[in-house]
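No value in this document is a laboratory result; all are computed from the given coordinates. Only a predicted model underlies this, so the values are computations on that prediction, with no experimental measurement involved. Positions of Cβ are backbone-derived with ideal geometry, glycine not excepted, and every protein chain shown enters the neighbour counts.
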Amino acid sequence: MAVTHRKRRRPISEINVVPYIDVMLVLLVIFMITAPLLTQGVKVDLPQAEAEPLPAEAEDPVVVSVNAAGEFFIDIGEGKDQPVDSETLVMRVAALLKYKPKTPIMLKGDKNVDYGRIMQAMVLIQAGGAPNVGLIAEQPE
């Protein structure tokens with residue numbers, strides 16, 4: 001009696017990554033198209049200044065804007081594109097910093113607005129409990 005040995009096939013343990021690469025490329029294209037559409041906010045003509053950009057923070061900053069008419073806007077809460085009064089600005093900053101104390105607060109002001117209005121915005125932000133207020137400017141061309 002002859003004994004025949006059958007070879008057992010070993011299962012293939014490699015992962016086919018080609019479909020994952022295809023999905024990744026499709027997602028990349030989708031994000032590249034939608035990212036510019038996500039930027040929203042108040043139209044502010046920023047002053048130009050040569051300054052070093054700040055290092056990237058772990059948390060996204062909250063931006064307070066002052067438009068050419070001197071109205072305040074804050075990009076948290078409801079009505080991000082609606083002007084807020086002084087008390088509302090202080091309350092929103094205080095509420096944000098109560099729950100996320102490390103959140104950076106940035107201020108951007110139109111270059112045509114009165115400097116006193118920018119200072120008033122800084123005072124209101126600090127009254128809300130912000131230890132530091134950053135200013136946003138554009139790089140000169």
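So how far apart, in nm, are the two label points at Lys7 and Leu135 if each is 7 Å from Cα heading toward Cβ?
A separation of 7.7 nm, rounded to one decimal place.
For Lys102, give me every one of the aspartates and glutamates with a C-alpha distance below 13 angstrom, ignoring sequence neighbours fewer than eight places off in its own chain.
List returned: Glu57, Glu59, Asp60.
Taking amide hydrogens as modeled 1.01 Å from N in the peptide plane, which residues meet the under 5 Å criterion relative to Gly134, leaving out close sequence neighbours?
Hits under the 5 Å cutoff: Ile105, Met106, Leu107.
Short version: ³J(HN,Hα) in whole Hz for each residue of region 117-123, in order, from phi by Karplus 6.51 cos²θ - 1.76 cosθ + 1.60 (θ = phi - 60°), x for Gly and Pro, what are they?
5, 5, 5, 4, 4, 5, 5
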